[in-house]
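**Q** Here you go, one structure.
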Amino acid sequence: MDDMLEMQYVVFELSDERYALKISDVYEIIKMQKITVIHNSKPFLEGVINLRGKIVPVVSLHKKFGLTNYEVSKSTRIIFVKSNDEMIGIVVDRVNHVIKFSDIQPPPDMVAGIDGNNFTGIGISEEGMASILEINHILSD
């Protein structure tokens, strides 16, 4: 966990809950764009988007985590991450800031009803706590 304290994290919100990704996993953050729906795909796949000539899948962590109070607003963003050598966009309610945590605790088995294997830890800062996502595990299903 000491190595994790040296890293910076992008903190964002999903349904009023705070989550974080290692900044080294984040490729780009953009405002919500029109997403082209792909029928007969995984339930949490929102569709695809054209990111400067490259077609990139976009997933909804709301659907993946079973979070129900999801609504697109002016603060909705798409965070593009590299997962298993593939670029993937994830829809989030709001991107808060980049931060280093003062403490990181191991993840509990369950976090708000979500499988604890989806997290590498719980980051603690003056602004509060955020669940640090293990993006490769989440997107591997």
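**Q** For region 36-141, what does the accessible surface come to per residue with a 1.4 Å probe? Please give it in Å².
**A** For region 36-141, the solvent-accessible area averages 54 Å² per residue.
**Q** Sticking with this structure for a sec: Normalising by the residue count of the chain, find the relative contact order in percent from Cα pairs under 8 Å and 6+ residues apart.
**A** 27
**Q** Right, another one. Along the Cα→Cβ direction, 7 angstrom out, place labels at TYR70 and GLU28. What is the inter-label distance in nm?
**A** My value for the distance between the label points is 2.3 nm.
**Q** In the Gaussian network model of the chain, springs joining C-alpha atoms below 10 Å, which of ILE104, ILE78, ILE35 carries the largest mean-square fluctuation?
**A** Among ILE104, ILE78, ILE35, the largest mean-square fluctuation in the Gaussian network model of the chain belongs to ILE35.
**Q** Right, something else. Which three semi-axes in whole Å describe the equivalent ellipsoid of region 34-141, each the square root of 5 times a Cα gyration tensor eigenvalue, listed largest first?
**A** 25, 16, 14
**Q** Right, another one. Quick one: pull the percent of accessible area on the chain belonging to carbon and sulfur, 1.4 Å probe, ligands and nucleic acids left out.
**A** Here it works out to 48 percent.
**Q** Further, regarding this structure: Rule-of-thumb check for region 9-88: C-alpha Rg over 2.2 N^0.38 Å?
**A** 1.08
**Q** Something else about it: Which order do the peptides 64-73, 42-51 come out in when sorted by mean C-beta neighbours inside 10 angstrom, highest first?
**A** 42-51, 64-73
The values are calculated or read from the model by the stated rules, or taken from the named source; none is laboratory data. Predicted model only: the values in this text are computed from it and were never measured. We place every Cβ from the backbone using ideal geometry, glycine too, and count neighbours over all the protein chains shown. Ligands, DNA and RNA are stripped out before the accessible areas are found, and what is left, the full protein with its side chains, is counted by its heavy atoms. Shrake-Rupley method; radii C 1.70, N 1.55, O 1.52, S 1.80 Å.
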